[in-house]
Amino acid sequence: MKANLKISYKAIIASLILTGMSGLCACGSQGDEIGATYISLESDGTVKSNIEEEFAQSYYDKDELQQSILSQAASYNKTAGENHVTVEKVEVNNNMAMVLMTYKEAADYAAFNEAVFFVGTPGKAQEAGYNLNVVLSEVGDDQKTIGKADILAMEDMKLLITDINEPVQLGGKALYISDHVTVSKNSKVVRLTEGEDGMIYILFK
């Protein structure tokens, strides 16, 4: 049973809920629905993960699921430091598991979920070894593009670099994006375009 719960937990962390995501579109002609599972970048630098996944199997148990998540968070914090990962809520209602977690910073989200997830200035991204030799297009006008030198000059903006599938609520507006990025109508939510994979870059402010 515990093996099944572990698989379910990894699915909750990794899966993207597509229901409600039809509002995201690269051209921005539809609404701004964010869906049930998403990442939120907060003004204080923390990252919140809101996850909702089907949890219908009768042999799954909410308490064991919660204990599994708490155990993995505690194991991470033992190495990274106290409160780097906080489990805010674990609920199971109507065969749906809902998990809310807070990460002290983007690096904690990346390490805990074994994903690429950088948030910071372009200069910090270069210092961290990320490849900035990319072409970004202006949101709303893909004929206007910028390259590495332009990106590095925009130190008043933040750069999100990630390979995750979940939508990300920026806490600002996307101004420049790489290929395969889907942007909401209000430019505040981005995600890897469905059916694509690889690294995406978003400059936002």
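Please enumerate the residues belonging to segment 149-205 that are among the hydroxyl-bearing types (Ser, Thr, Tyr) and not in a strand (DSSP E or B).
The answer is Ser178, Ser184, Ser187, Thr193.
Tell me, yes or no, whether segment 145-162 has at least one residue that is at positive phi, out of contact with any Pro (no Cβ under 6 Å at 6 or more places or on another chain) and among the acidic types (Asp, Glu).
So far as segment 145-162 goes, no, none of its residues is at positive phi, out of contact with any Pro (no Cβ under 6 Å at 6 or more places or on another chain) and among the acidic types (Asp, Glu).
Let me spell it out: the conditions are (1) surrounded by fewer than 17 Cβ atoms within 10 Å (Cβ to Cβ); (2) at pLDDT 90 or above; (3) under 30 Å from Glu138 (Cβ atoms); (4) of a type outside the set (Phe, Trp, Tyr), and Ser22 meets all of them except one. Which number is the exception?
Answer for Ser22: the failing condition is (2).
Could you grab me the full set of residues in segment 61-118 that are within 20 Å of Val168 (Cβ to Cβ), polar (S, T, N, Q) and either in contact with a His (Cβ under 9 Å, 6 or more places away or on another chain) or buried (at least 17 other Cβ atoms within 10 Å of the Cβ) (or both)?
Residues satisfying the conditions are Thr102, Asn113.
Within segment 177-192, which residues are on the phi < 0 side of the Ramachandran plot and surrounded by fewer than 21 Cβ atoms within 10 Å (Cβ to Cβ)?
Ser178, Asp179, Thr182, Lys185, Asn186, Lys188
Applying the selection to segment 143-162, what residues are free of Cβ contacts under 8 Å to residues at least 40 places away in the same chain and either among the small types (Gly, Ala, Ser) or under 13 Å from Ala174 (Cβ atoms) (or both)?
Once the filter is applied, which keeps residues that are free of Cβ contacts under 8 Å to residues at least 40 places away in the same chain and either among the small types (Gly, Ala, Ser) or under 13 Å from Ala174 (Cβ atoms) (or both), segment 143-162 yields Gly147, Ala149, Ala153.
Scanning segment 67-96 for residues that are touching a Ser or Thr at 6+ places or on another chain (Cβ under 9 Å) and among the small types (Gly, Ala, Ser), which turns out modelled with the lowest pLDDT?
Ser68
The values are calculated or read from the model by the stated rules, or taken from the named source; none is laboratory data. Note that this is a predicted model, so its numbers are computed, not measured. All Cβ positions, even for glycine, are placed from backbone atoms using ideal geometry, and neighbour counts span all protein chains on display.
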